[in-house]
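Since the structure comes first, as structure tokens, the remarks are kept for the end.
The values are calculated or read from the model by the stated rules, or taken from the named source; none is laboratory data. Values in this document were obtained by computation on a predicted structure and should not be read as measured data. Note that each Cβ is placed from the backbone with ideal geometry, even for glycine, and that neighbours are counted across all protein chains shown.
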Amino acid sequence: MKYKYEVECERNDSHAKYIVLKGLDEPCRQLVIPDSIEVLESDVNGEASAEEVQSNDGKASVSLPVKIIGNHAFSSRKDLEEVIIPSSVHTILGFAFHNCGRLRRIQLTDSVNEYLDGSTRQCESLEEIDVTLEHENYYVVRRILEDNDRRLRFRLHLSDGEAVLVFPGFNYDFVENTMARTIQFAIEGTGYAYRECVKSDNINFREYDSFFTKVSADDSVIAEMIAVSRLQYPYELAEDAKTQYRDWLFKNAKKNLIRAVRSLGNKGKGVTDTNSELSGVVTDLVSYYINEKLIPDGDTSAIIAEAAEFDRTELVSMLMEYQSGNEKQDNFLELDI
């Protein structure tokens, strides 16, 4: 790939040089930023690809680490869907990926110790941030959360386990107080409180779990995402929080799964899926409820009926097998008594 870059020198060592990445002059859906770029020693600023450098026979080249993603380097691109940032990068400057409307996923490490405002702002499709924590530095997690008021899902790879945390969105609101003749600032939604659980040097998982009562009352869709994620990846999950999540899923299984089936659309027989990814997500969700025995016996028939109406034969089969297994178990217990 043909990158735009600048070569900079370390402050304390003019001989130690590194790359500031300034952009990319070609279409790209999955941007895998290199940890180093081979450049000609005669170059200071410019554009280069590995192929071009290799073709310069007889000219000295050097491999320089990519340490900084520059201001507006990839902003307003319409093609980017995923970005992978290596551990060599320690700085992401302002608006580096601003307004990338199709960007859905970012993968990076906690080597980033400087992240300027707007780097991922107005990325309306951004859903998942994958962070490998090599130094237990949560700075970049907190900064991305501060930069976005939309819902985000973080997959955290820690030295002693893996955690998946969903952070709800929130809205800033300004309310006029006519009696006091002032404009008061208000925050709507639980997303801000959830974000406050993340500090630069730690995440308070206990506090994170404590907000579930509030979010489950406000938004059942987000609540389900949080509950399933915490149960599937129970990093520092206390027993009472585990019970809270399981109880809520069991109590709301019928409503949650019927909503999931309806989200697939295409009501009626003979209609094929237009979104195989969403179909896979719903199938995985139903499988989770089944495997964890989180569907009350009396609710299974209603969910089967809904799946049948939407012609979801795979889901119908899974749910009928689950229902049949429960009935056999109940009969066995009756005979045993």
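Quick look at the numbers
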| item | result |
| --- | --- |
| Among the candidates SER324, SER317, SER279, residue that is closer than 30 Å to VAL164 by Cα, modelled with pLDDT under 95 and assigned to a helix (DSSP H, G or I) | SER279 |
| Qualifying position, being in contact with a Lys or Arg (Cβ under 9 Å, 6 or more places away or on another chain) and either closer than 22 Å to ASN148 by Cβ or in contact (Cβ under 8 Å) with a residue 12 or more places away in the chain (or both), among ALA253, ALA260, ALA241, ALA223 | ALA241 |
| Selection status of ARG155, surrounded by fewer than 19 Cβ atoms within 10 Å (Cβ to Cβ) and outside the structural domain of VAL32 (by TED's automatic domain parsing) | yes |
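Quick grid of which residues meet (1) basic (Lys, Arg); (2) surrounded by fewer than 18 Cβ atoms within 10 Å (Cβ to Cβ); (3) in contact with a Pro (Cβ under 6 Å, 6 or more places away or on another chain):
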site	(1), (2), (3)
ARG195	yes, no, no
LYS199	yes, yes, no
ASN204	no, yes, no
SER210	no, yes, no
ASP218	no, yes, no
TYR233	no, yes, no
GLU236	no, yes, no
THR243	no, yes, no
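Residue-by-condition table, conditions (1) hydrophobic (A, V, I, L, M, F, W, C); (2) under 30 Å from ILE203 (Cβ atoms); (3) in a loop (DSSP other than H, G, I, E, B):
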| residue | (1), (2), (3) |
| --- | --- |
| MET225 | yes, yes, no |
| SER229 | no, yes, no |
| LEU237 | yes, yes, yes |
| GLN244 | no, yes, no |
| ARG259 | no, yes, no |
| TYR289 | no, yes, no |
| LEU294 | yes, yes, yes |
| ILE304 | yes, no, no |
| ASP311 | no, no, yes |
